[in-house]
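The values are calculated or read from the model by the stated rules, or taken from the named source; none is laboratory data. Since the model is a prediction, treat every value here as computed from it, not as a measurement. Cβ atoms come from the backbone with ideal geometry, glycine included; neighbour counts cover every protein chain shown.
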Protein chains: 2
Amino acid sequence: MAIETQMKVHNFSAGPCILPREVFEKAAQAVLDLDGSGLSILEISHRSKPFIEVMEKARALVKELLGAPERYQVVFLGGGASMGFHLVPQNFMKTGGRGAYVNTGTWAKRAIAEAKLAGEAVVLASSEDSNFNYIPKGYTIPADVDYFHFTSNNTIVGTQYKALPKGPVPVVSDMSSDIFSRPVNVSDFALIYAGAQKNMGPAGATMYLFDPEALGKTGRKLSPMMDLANHAAKDSMYNTPPVFPVYVIMLTLEWLRGIGGIAEIEKRNAAKAGLLYDTIDRLPLFEGTAAKEDRSLMNATFVLKDKNLEPAFDELWKAAGISGIRGHRSVGGYRASLYNALPLESVRVLTDVMEDFAKRNG
Amino acid sequence: MAIETQMKVHNFSAGPCILPREVFEKAAQAVLDLDGSGLSILEISHRSKPFIEVMEKARALVKELLGAPERYQVVFLGGGASMGFHLVPQNFMKTGGRGAYVNTGTWAKRAIAEAKLAGEAVVLASSEDSNFNYIPKGYTIPADVDYFHFTSNNTIVGTQYKALPKGPVPVVSDMSSDIFSRPVNVSDFALIYAGAQKNMGPAGATMYLFDPEALGKTGRKLSPMMDLANHAAKDSMYNTPPVFPVYVIMLTLEWLRGIGGIAEIEKRNAAKAGLLYDTIDRLPLFEGTAAKEDRSLMNATFVLKDKNLEPAFDELWKAAGISGIRGHRSVGGYRASLYNALPLESVRVLTDVMEDFAKRNG
């Protein structure tokens, strides 16, 4: 079977998003025939030896790439980070207890809403007063809450924690949009969770990396589907896992290890974001929307100071093969997502378009 | 890119399981380039026009193929039918209320356990006394429960309801392993749910088809992730859906419509199961394990009367390219799963092996 390929699009989509080309090629091959088995990755049993190996490799790669302590556990579940918002209080909030949160935007709000359904949510700080364009600082995490939760990178508004908070209670972080983009000291966290569809793989799986010693302290009687300890005890196979998404996660993490792991990707990401933010700051037509010190290296948000110029700008970047830089429907403007697999070349195409546009409209 | 194909395996796996060859080919193509867009199905935004069309088509095909009434809603969520077990009492059991169940095996038990966590589960009938080898009959569904739940096909033990129960209360059915294999009168049901990985697609998505008028009556304050009405109101896009699994579901349902829909597949399935059960019954070496009147057309379970012959039989079917007919680890013996996409030819290879084996060991 001959397969047509055509890949000239520069995909800046905020997620699901670009993955490495070699991952698409290996994944397509496996859909037809997994490793010469005569079976598609879509039809093999999740209890088969080949898939058990895939699952174990994916789990091990998460720990290896992030340098997680031996005792930490990894599971992949369906449902997205939105299911994670629900699982956090189920697994960490005592009956009648409370969780502390920082409100940095849409996803933090959804996480807080889930905590309120389960008990009490203490919002320690919020940047809602300023359209979430900065990361709140200077608050104290109380010692009498059951856990502390923050969103490490905020895809919609383009802010990111530069220093990751530590606390006197179990720290939980939704790292959906910057996991595997930079080093993390995993032992500072009771739980890190992340929807796969940014730096890890396609939509359809969410990764939970946690310290098993932090679990089982709530007094809650949990459904086995809501119980992270149960999923870990069953090696992430309590029920049929999302087989293909986990397979693509494995391929993507293998790619990341192959290019040099977190140390290398951190450099590449800094170069990409540096180029784009420098361009935004240098050209008077454009303006970044996030506070400079909190700018996300994953999602660069900016506007045209003169909104009337948008149609002309849109025409230009579309003609250059750029896709997905329109801002989130809730905020407008522009957002260029610079996830791990996006090449520097694509950023250069964008900044060239911006320079060109500035010259024409200078 | 040239892709190697090799497809001589007869895949009788109980799920994930065989899908049509043309689905694998179209899915592999879309992983490289979706409809000439220059983008992989794995990297497109779920808010993009192409994916919104996929989602709408998949939802519409479910209703069309099953002849569902206009007002019924379809959503695709992550988490498998095991998440469905949890969602059923959340959406149908009143606070302090109760649900009625029939216990027909492992999956029914898990559904019952979830109801017990949410409130009270009334087990109306059970075939546990006989290793679940029959479908209980002759019970009455009480009018004072919140809903009635049954598992239409039991993959592990190979039993299947021939007449689908109706009741004086909302009827809910886990049809994971026989959805789209035969006609169903959808309006008899408040909710039909099914993990995709049998007749619908790959692992990673679960379909919920429901009457919205049956929802919102429990008094429970639900997480938006647990609330079927919320997911329906957001067109199955409240959060990022499992994009690729939904795409493959769409392809599989298009294939089913193309071959003639439920009417045609019902005939094919009857022919396949007829051939296999006839062979089991005719050859004295073999014995079916489910009560004849309740035999599943999807999963035929059988044993060798002389267990000592198993290694010799195993050698023979493996040599014929047959895969996945070992029984579930909890019951042993053999199980040939005959899902929609399995060709009659594969069943013939198996029955030829059985005939051959019988001659050698007659």
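Can you tell me which of A:GLY99, A:GLY78, A:GLY67 is surrounded by 24 or more Cβ atoms within 10 Å (Cβ to Cβ) and away from chain B (no Cβ under 14 Å)? So that I can check it myself, show each step before the final result.
Numbers: A:GLY78 fails: away from chain B (no Cβ under 14 Å); A:GLY67 fails: surrounded by 24 or more Cβ atoms within 10 Å (Cβ to Cβ).
Step by step, each of A:GLY99, A:GLY78, A:GLY67 is checked, and only A:GLY99 is surrounded by 24 or more Cβ atoms within 10 Å (Cβ to Cβ) and away from chain B (no Cβ under 14 Å).
Can you say whether A:GLU25 is surrounded by 23 or more Cβ atoms within 10 Å (Cβ to Cβ), facing chain B (nearest Cβ under 7 Å) and of a type in the set (Asp, Glu), as far as the supplied structure shows?
No, not satisfied.
Among the residues of this structure, B:ALA290 does not count as one that is surrounded by fewer than 21 Cβ atoms within 10 Å (Cβ to Cβ), hydrophobic (A, V, I, L, M, F, W, C) and more than 14 Å from chain A (Cβ to nearest Cβ). Criterion first (more than 10 Å from chain A (Cβ to nearest Cβ), within 26 Å of the chain's Cα centre (by Cα) and not in a helix (DSSP H, G or I)) does B:PRO16 satisfy it? No: the conditions fail for B:PRO16. If the condition is being without any contact (Cβ under 8 Å) to a residue 24 or more places away in the chain and loosely packed, with under 13 Cβ neighbours inside 10 Å, then segment A:260-273 contributes A:GLY260, A:LYS267.
Taking B:GLY38 as the residue in question, decide whether it is modelled with pLDDT under 95 and more than 22 Å from the chain's Cα centre (by Cα). It is true that B:GLY38 is modelled with pLDDT under 95 and more than 22 Å from the chain's Cα centre (by Cα).
Checking each residue in segment A:111-130 for being of a type outside the set (A, V, I, L, M), crowded, with 20+ Cβ neighbours inside 10 Å and within 12 Å of chain B (Cβ to nearest Cβ) picks out only A:GLU114. The set of residues from segment A:170-194 being of a type in the set (S, T, N, Q) and either surrounded by fewer than 24 Cβ atoms within 10 Å (Cβ to Cβ) or under 18 Å from A:ARG110 (Cβ atoms) (or both) comprises A:SER173, A:SER176, A:SER177, A:ASN185, A:SER187. Among the candidates A:ARG282, A:ARG326, the residue that is free of Cβ contacts under 8 Å to residues at least 24 places away in the same chain and under 21 Å from the mean Cα position of the chain (by Cα) is uniquely A:ARG326. Among all residues of segment A:64-71, there is none that is in contact (Cβ under 8 Å) with a residue 12 or more places away in the chain, assigned by TED's automatic domain parsing to the domain that holds A:ARG110 and more than 26 Å from the chain's Cα centre (by Cα). Condition check: at pLDDT 95 or above and out of contact with any Phe, Trp or Tyr (no Cβ under 7 Å at 6 or more places or on another chain). Does B:ARG110 satisfy that? It is false that B:ARG110 is at pLDDT 95 or above and out of contact with any Phe, Trp or Tyr (no Cβ under 7 Å at 6 or more places or on another chain).
B:ALA125 meets the conditions (1) over 17 Å from B:TYR193 (Cα atoms); (2) part of a helix (DSSP H, G or I) in every case but one. The failed one is (2). Please tell me if A:ALA194 is within 21 Å of A:ARG257 (Cα to Cα), in contact (Cβ under 8 Å) with a residue 60 or more places away in the chain and in the same structural domain as A:GLU128 (by TED's automatic domain parsing). Yes, satisfied.
All of (1) in a helix (DSSP H, G or I); (2) out of contact with any helix residue (DSSP H, G or I) (no Cβ under 7 Å at 6 or more places or on another chain); (3) over 18 Å from A:LYS359 (Cβ atoms); (4) not polar (S, T, N, Q) hold for A:TYR339 with one exception: (1).
Taking (1) in contact with a Phe, Trp or Tyr (Cβ under 7 Å, 6 or more places away or on another chain); (2) away from chain A (no Cβ under 13 Å); (3) without any contact (Cβ under 8 Å) to a residue 40 or more places away in the chain in turn, B:PHE313 satisfies each apart from (3).
Checked against the criterion of being polar (S, T, N, Q) and either farther than 30 Å from A:ASN11 by Cβ or away from chain B (no Cβ under 14 Å) (or both), segment A:200-219 has at least one qualifying residue. Here B:VAL54 does not qualify as more than 9 Å from chain A (Cβ to nearest Cβ), touching a strand residue (DSSP E or B) at 6+ places or on another chain (Cβ under 8 Å) and over 30 Å from B:ARG329 (Cβ atoms). Here segment B:328-352 is the region considered, the condition is being within 12 Å of another protein chain (Cβ to nearest Cβ) and at pLDDT below 95, and the residue that is farthest from B:PHE24 (Cα to Cα) is B:SER330. Among the residues making up segment B:315-336, none is part of a helix (DSSP H, G or I) and among the β-branched types (Val, Ile, Thr). Any residue at all in segment B:158-165 that's assigned by TED's automatic domain parsing to the domain that holds B:ASP211 and within 18 Å of B:ALA214 (Cβ to Cβ)? Yes - at least one qualifying residue is present in segment B:158-165.
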